[in-house]
1. Looking only at segment 49-64, how many residues end up being surrounded by 10 or more Cβ atoms within 10 Å (Cβ to Cβ) and free of Cβ contacts under 8 Å to residues at least 24 places away in the same chain?
2. If you check Thr124, Thr85, Thr90, Thr158, which single one turns out to be at pLDDT below 65 and within 57 Å of the chain's Cα centre (by Cα)?
3. Considering only segment 66-83, state which residues are among the polar types (S, T, N, Q) and either touching a helix residue (DSSP H, G or I) at 6+ places or on another chain (Cβ under 8 Å) or assigned to a helix (DSSP H, G or I) (or both).
4. Where the second residue is of a type in the set (Lys, Arg) and the first is more than 7 Å from the ligand (Cβ to nearest atom) and lies in segment 33-47, which pairs have Cβ atoms under 6 Å and are six or more apart or on separate chains?
5. Evaluate segment 57-65: report whether one residue or more is among the acidic types (Asp, Glu) and in a helix (DSSP H, G or I).
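The values are calculated or read from the model by the stated rules, or taken from the named source; none is laboratory data. In this text the structure is predicted, and so the values were computed from the model without any measurement. Cβ coordinates were reconstructed from backbone atoms using ideal geometry, including for glycine residues, and neighbour counts include every protein chain displayed.
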Amino acid sequence: MFKRVLLCHDGTSAGRRALRRGAELAIELKAHAVSCEGCSGWLRSQSAVWALLDEWEPAAVSFDFERKLYRKIDESRSQSWIERTAQALTAWVAQPVVPLALASVLVLTGFLVDHHSFQPQPATHVRQTIMPVDAGQLDKELDDLQLLQQLDLVKDETTRQPGSM
Ligand SMILES: [Zn+2]
């Protein structure tokens, strides 16, 4: 791991400073890891990752790679803007996130259509008038209401035909 710090060196003065600082940090970390269980474990896991990366070999580039690359660049230049837009849209829709987003929009639309009462009521329906009422008047009105209900019951019994039941 400590050898790999050298890979960052690009010859500039900023690169040299970064390299020096990186080397100092690496030495500090190494000294700290001697007495720290957590950091020494982390360093071991990093070494394992570096070892795996050392084993990885990039695929060889085919001998006509550059020729194919320049041909594709030329083809894309000769395409009209409509073809390029269609290609970009096709690539965009092919991403797995897009169908998921469209499905979410459909579900949300269905929910809103199903629960159209979700829209806020106009303020005129909500407005209420509260008036002070004295207890005697309220009592009288309740009596009137009871009387009306009794009248309704009597009316129901008198209009009911005896044979219709
Ligand atoms: Zn530590």
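1. From segment 49-64, those surrounded by 10 or more Cβ atoms within 10 Å (Cβ to Cβ) are 49-50; that's our starting set.
After this cut, where a residue has to be free of Cβ contacts under 8 Å to residues at least 24 places away in the same chain as well, the list is 49.
So the answer is 1.
2. Thr124
3. Our first condition is that a residue be among the polar types (S, T, N, Q); within segment 66-83, this holds for 76, 78-80.
Matches in segment 66-83: Ser76, Ser78, Gln79.
4. Partner pairs satisfying both residue conditions: none exist.
5. No, segment 57-65 contains no residue that is among the acidic types (Asp, Glu) and in a helix (DSSP H, G or I).
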